[in-house]
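These notes are about the structure you will find just below.
The values are calculated or read from the model by the stated rules, or taken from the named source; none is laboratory data. As the structure is a computational prediction, the values presented were derived from the model and not from experiment. Note: areas computed on protein heavy atoms with side chains; ligands, DNA, RNA excluded. Shrake-Rupley method; radii C 1.70, N 1.55, O 1.52, S 1.80 Å.
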Amino acid sequence: SFSGDGRGMLKTTMVDNKEMMTWHTRTSEANTWSEGQPLPAPFDSFQFGAPYLSADGEAIYFHSRDLPEGHGNLDLWVSRRVRKTP
């Protein structure tokens with residue numbers, strides 16, 4: 001999933017039988033993507049996927065089977081961005 005400005009990308013990969021979601025950036029569409037930073041919980045849990053970044057870049061939609069409040073199937077979740085304050 002890509003950010004609206006084309007400079008951010010969410011990517012899911014399998015590592016040791018576990019899905020990981022990483023955030024990659026680039027300074028312009030002509031430049032290459034950064035290595036990527038793994039996202040923390042709940043994005044480091046098993047059985048999630050299909051990330052979709054909202055157009056404004058403030059929310060991630062995804063499905064998961066493992067989150068505690070889930071119903072054991074592919075539940076749809078949203079996680080809103082919380083900006084760090086200095």
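See the values below:
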quantity	calculated
Counted residues, segment 1-28 - those being acidic (Asp, Glu) and at pLDDT 80 or above	1
Selected residue (criterion: modelled with the highest pLDDT) from residues of segment 29-79 that are of a type in the set (Gly, Ala, Ser) and under 10 Å from the mean Cα position of the chain (by Cα)	Ala59
Subset of segment 22-39 [open to solvent by less than 50 Å² (accessible area, probe 1.4 Å) and assigned to a strand (DSSP E or B)]	Thr22, His24
